Structures are given as structure tokens and as C-alpha cells.
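J.: Starting off with a structure, shown below.
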Amino acid sequence: MSDQERKNPQERLLIVDDDEQLCFVMERAMRRRGYDVVVAHTHDQALAAAREAPPALATLDLKLESDSGLKLLPALLEVAPACRIVVLTGYSSITTAVEAIKLGAVNYLCKPADADEILLSLERESGDVDVEIADNPPSVNRVTWEHIQKVLHEHDGNISATARALGMHRRTLQRKLQKRPVRH
């Protein structure tokens, strides 16, 4: 099935990400595939764009500069209830993946993800029973990252409260959060 057969031409796609370079590349790739692309870099820009013309599809960065994509997800779905949203992140964790799906995302992808991978995840209607299961348990560093993300989510992204709950200094937690998550 060709790209044009899989979707309606000029379907509106909202890209929400604070990384301007990534938005530029993704916008160009999606326009070449026939999408009507709108880009937003903030929570407010995304909602304004969705209100002006509700998108059929959206990509949403989990970690926006000043806010969480998880907070924007239900607001976008309220404005555009039929919108299919994929959450993209360079800071993946099981906790945020589960929450994104519970809040209405149709999929959750780790960056970097290319345009074709994103489109496939937007179009997929069901899970994949043949998904590969890891042979080894996650590393201690990965488990630590997951735990920090879980506690951070429980404290609504509040760094100071999370640091207190984890029994560590706030600056230490900030340094850990600035690093990319460990793969496995």
C-alpha cells in the first residue's frame, strides 16, 4: 500500500516540539508525504493551532521546554477528540509510556524516530503480539532512571519534591535528569 493510499491527502498533522531543528526536518519530511503540517513549540501554541484547525494527527514531545507533554495531551484531545497522537521522547521510561497511553496517545516512540516510523505508529490500530522481548533484564542504571522518572511523575515534575522523596540533593537529581536515559 502506498503512502497516498494509506491516508487522506492534505491531512492536518500537528508537530509539537521545542527543538526547532527537529521540527524543521520533520515538517519538510511530512509535507513531502502530502500532509498539511502545523508546527508548535509550546503548550499554548499547540492549543491555539488545534483550536484554529483541529488536526487529524499529532506528534507531541514528552519534555517541552517549560512543560510536560503529558499535561498537553488531554487538552489537545479535548480540542480535537479524533486526533491520533504519538508521544516522542528522548527521555523514555515505562512510567511515562504507560501514562501517555492512559491519557490517550496511540503510541509512544523514542527519539530519534524517522518520518516513516512515526507515520506507521500513527496508523497502527492494534498492538503487535510479535514484538521482541529482551533476553536480559534492564541494567541497574536503567532501573535507576525508571525509578527517578516514576517518582518525578508522582510529584508532578517538581524537582525539589522528587529529590526529597529520593533522599538526594536537588542539584544531583537535576544532573541525572539532564543526561540521556540509559538504553538497557
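The values are calculated or read from the model by the stated rules, or taken from the named source; none is laboratory data. Since this is a predicted model, take the numbers as computed values, not measurements. Side chains are part of the model used for accessible areas, which takes the heavy atoms of the whole protein and leaves out ligands, DNA and RNA. Shrake-Rupley method; radii C 1.70, N 1.55, O 1.52, S 1.80 Å.
J.: Probe of 1.4 angstrom, ligands and nucleic acids ignored: what's the accessible area per residue over the stretch 56-170, in square angstrom?
T.: For the stretch 56-170, the per-residue accessible area is 55 Å².
J.: Here is a further query. In the chain, carbon and sulfur make up what percent of the accessible area (probe 1.4 Å)?
T.: Reported share for carbon and sulfur atoms: 51 percent.
J.: Could you state the angle between the C-alpha long axis of helix 140-154 and the longest principal axis of the C-alpha atoms of the chain, as a value from 0 to 90 degrees rounded to the nearest 10?
T.: The answer is roughly 80 degrees.
J.: Grab the eigenvalues of the alpha-carbon gyration tensor for the stretch 31-103, scale each by 5, take roots, and send me the semi-axes largest first in whole angstrom.
T.: 20, 13, 13
J.: For the chain, just list the percent of Cα-Cα distances falling in each 10 Å bin from zero outward, please.
T.: P(r) for the chain, in whole percents per bin: 9, 35, 34, 18, 4, 0.
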